[in-house]
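Data first, discussion second: the structure below is written as C-alpha cells.
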Amino acid sequence: MEWVQQLINGISLGSIYALIALGYTMVYGIIKLINFAHGDVFMIGAFVGFYAITGWGLGFFPALLLAMTVCAILGVLIERIAYKRLRNATRIAALITAIGVSLLIEYGVIYVRGAQPEAYPNVLPNKSFELFGAQISSQSLLILSVSVILMLILQFIVHKTKIGKAMRAVSHDMDAARLMGINVNNTISATFAIGSAMAGAAGVIFGVYYTKIDPLMGIIPGLKAFVAAVLGGIGIIPGAMVGGLVLGVVETIVSALGFSLWRDAAAFIILILILLFRPSGIFGKNAREKV
C-alpha cells in the first residue's frame, strides 16, 4: 500500500516538473531557444505567491492567479528586452544570454530581499484519508488537480483558440506564418507569457508542497524540468507533461528504495540515457535536414 502512496506523491511532484517543462518546450518549439531563465521565473512565482499570502492575506487561488499574471508579464519583458534582438543570432549567443538573464534575476532578488529562505504559510487544509489502504493527503490531490486543470487549459488554448493556431503556425514555419498575416512578434510574446504563467503557478504549488523557498530555488527544479522536456521530446507539449510525470515518479521511487541522496542524480542519469539511446525523446521523431 505504501507504493500507492509513493506513486501519488511522485505524480504530484511530476506535475510540478511538467508545468515548468511546458515553458521550456513551448519556447523551444517556436524559436528553438533553451530559456534557462525559466527556472528563475518559477522562483519569482513562488515569492509573489508567498508575499500575496503573508502580506495581503490572499488565499491559495487568488495568490496563484496573481503569481501567474506577474510571471506572464515578466516572461514577455524577458523576451522583448533580452531575446528579441537575438532571433537571428547564433545559438550560443542566445544560450549565454539566457544564462545571464537567469543570474541577473537570481542575484537581483538576493540584492532586493536578501538570501534568507522563507517558510510558506499553510494555506491548504491537509487532511489524510485512506485510498486502497494507503494514507493520501488532500494537499497532494489538490495540487495534482490544479496542475492537471492548468495543463488541460493549455491544451485548449493551443488547439482551439486563435492565438494557439498562430503559435502552431509560427512553430511550423515562421516565415510562411508572417506571409500569411500572422503577427510573429506578438505570437512569440504570447508563448513566453503562457509558459511563464505556468512556471509561476508551479512556483506557488511548489511552495505550498515543500514549504521552503529561497532565491536560488529555481536552479535544480529548472534543470529537472529541462530534463523532463527532453525526455518527452522537446518542442512537443504532451511530451513535456508525460516527461515531467515520469521524472517525478522515478525520483519518488528512488527515494522510497532508500537512495534519497541519489534522487537528484536520477534525473541527470535519465538525461544521459535518453540522449544516448533516443535523442528525440519519447514523443519525438527524427527529422531529416537538408545540408
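For region 78-94, enumerate the residues that are open to solvent by 40 Å² or more (accessible area, probe 1.4 Å), assigned to a helix (DSSP H, G or I) and of a type in the set (A, V, I, L, M). Spell out how you get there, then give the answer.
We begin by selecting, within region 78-94, every residue open to solvent by 40 Å² or more (accessible area, probe 1.4 Å); these are 80-81, 84-92.
Within this subset, residues satisfying the condition of being assigned to a helix (DSSP H, G or I) are 80-81, 84-86, 91-92.
Scanning region 78-94 gives Ile81, Leu86, Ile92.
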Inset, instruction - Go over the candidates Ser196, Ser145 one by one and state the one that is in contact with a Cys (Cβ under 8 Å, 6 or more places away or on another chain), in a helix (DSSP H, G or I) and among the polar types (S, T, N, Q). - result: Ser196
Inset, instruction - Please specify each residue of region 233-250 satisfying the condition of being assigned to a helix (DSSP H, G or I), of a type outside the set (Val, Ile, Thr) and closer than 18 Å to Gly222 by Cβ. - result: Gly239, Ala240, Met241, Gly243, Gly244, Leu245, Leu247, Gly248
Inset, instruction - Residue by residue through region 173-222, note down the ones that are out of contact with any helix residue (DSSP H, G or I) (no Cβ under 7 Å at 6 or more places or on another chain), under 22 Å from Asn35 (Cα atoms) and not acidic (Asp, Glu). - result: Asn183, Asn185, Asn186
Legend entry - Extreme residue, least open to solvent (accessible area, probe 1.4 Å), among residues of region 42-59 that are more than 15 Å from the chain's Cα centre (by Cα) and aliphatic (A, V, I, L, M): Ala52
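Does any residue of region 107-118 turn out to be in contact with a strand residue (DSSP E or B) (Cβ under 7 Å, 6 or more places away or on another chain), in a strand (DSSP E or B) and among the acidic types (Asp, Glu)?
Of region 107-118, the ones in contact with a strand residue (DSSP E or B) (Cβ under 7 Å, 6 or more places away or on another chain) are 117-118.
When the remaining residues are screened for being in a strand (DSSP E or B), the result is 118.
Next, only the ones that are among the acidic types (Asp, Glu) stay: 118.
Yes, region 107-118 contains a residue that is in contact with a strand residue (DSSP E or B) (Cβ under 7 Å, 6 or more places away or on another chain), in a strand (DSSP E or B) and among the acidic types (Asp, Glu).
Report whether or not Gly75 is in a helix (DSSP H, G or I), open to solvent by less than 10 Å² (accessible area, probe 1.4 Å), farther than 13 Å from Phe192 by Cα and in contact with a helix residue (DSSP H, G or I) (Cβ under 6 Å, 6 or more places away or on another chain).
On the way: in a helix (DSSP H, G or I): yes; open to solvent by less than 10 Å² (accessible area, probe 1.4 Å): yes; farther than 13 Å from Phe192 by Cα: no; in contact with a helix residue (DSSP H, G or I) (Cβ under 6 Å, 6 or more places away or on another chain): yes.
Here the answer is no, as Gly75 does not meet what is asked.
Give Gly14, Gly39, Gly10 a once-over and let me know the one that is under 30 Å from Phe129 (Cα atoms), at pLDDT 90 or above and surrounded by 22 or more Cβ atoms within 10 Å (Cβ to Cβ). Spell out the reasoning first.
On the way: Gly39 fails: under 30 Å from Phe129 (Cα atoms); Gly10 fails: at pLDDT 90 or above.
Exactly one residue qualifies, and that residue is Gly14.
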Inset, instruction - Report, ordered by the first and then the second residue, all pairs with beta carbons closer than 7 Å, sequence separation of six or more or different chains, a first member in region 257-281 that is more than 18 Å from Gly10 (Cβ to Cβ), and a second member that is surrounded by fewer than 16 Cβ atoms within 10 Å (Cβ to Cβ). - result: Ser280/Asn286
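Residue-by-condition table, conditions (1) open to solvent by less than 30 Å² (accessible area, probe 1.4 Å); (2) within 22 Å of the chain's Cα centre (by Cα):
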position: Arg113; (1), (2): no, no
position: Asn122; (1), (2): no, no
position: Asn126; (1), (2): no, no
position: Ile136; (1), (2): yes, no
position: Leu142; (1), (2): no, yes
position: Val146; (1), (2): yes, yes
position: Gly164; (1), (2): yes, yes
position: Val170; (1), (2): yes, yes
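Okay, residues lined up against (1) touching a strand residue (DSSP E or B) at 6+ places or on another chain (Cβ under 9 Å); (2) among the hydroxyl-bearing types (Ser, Thr, Tyr); (3) over 25 Å from Leu142 (Cα atoms); (4) open to solvent by less than 10 Å² (accessible area, probe 1.4 Å):
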| residue | (1), (2), (3), (4) |
| --- | --- |
| Ile188 | no, no, yes, yes |
| Ala193 | no, no, no, no |
| Gly207 | yes, no, no, yes |
| Met217 | no, no, no, no |
| Phe226 | no, no, no, no |
| Ile236 | no, no, yes, no |
| Val250 | no, no, no, no |
| Ala265 | no, no, yes, no |
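Among the listed residues Ile153, Ile157, identify the single one that is more than 23 Å from Gln5 (Cβ to Cβ) and open to solvent by less than 60 Å² (accessible area, probe 1.4 Å).
Working: Ile153 fails: open to solvent by less than 60 Å² (accessible area, probe 1.4 Å).
Of Ile153, Ile157, the one residue that is more than 23 Å from Gln5 (Cβ to Cβ) and open to solvent by less than 60 Å² (accessible area, probe 1.4 Å) is Ile157.
Could you go through region 251-270 and let me know if any residue there is under 25 Å from Ile73 (Cα atoms) and assigned to a helix (DSSP H, G or I).
Going through region 251-270, the residues under 25 Å from Ile73 (Cα atoms) turn out to be none.
No, region 251-270 contains no residue that is under 25 Å from Ile73 (Cα atoms) and assigned to a helix (DSSP H, G or I).
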Legend entry - So Val4, is it in a helix (DSSP H, G or I), at pLDDT below 90 and under 26 Å from Gly243 (Cα atoms): yes
Inset, instruction - Would you mind stating whether Ile282 is open to solvent by 60 Å² or more (accessible area, probe 1.4 Å), aliphatic (A, V, I, L, M) and modelled with pLDDT of 90 or more? - result: no
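The values are calculated or read from the model by the stated rules, or taken from the named source; none is laboratory data. Please read all numbers here as calculations on a predicted model, not as lab measurements. Ideal geometry is used to build each Cβ from the backbone, glycine not excepted, and the neighbour counts take in all protein chains shown. Each accessible area value is taken on the protein alone, full model and side chains, heavy atoms only, with ligands, DNA and RNA left out. Shrake-Rupley method; radii C 1.70, N 1.55, O 1.52, S 1.80 Å.
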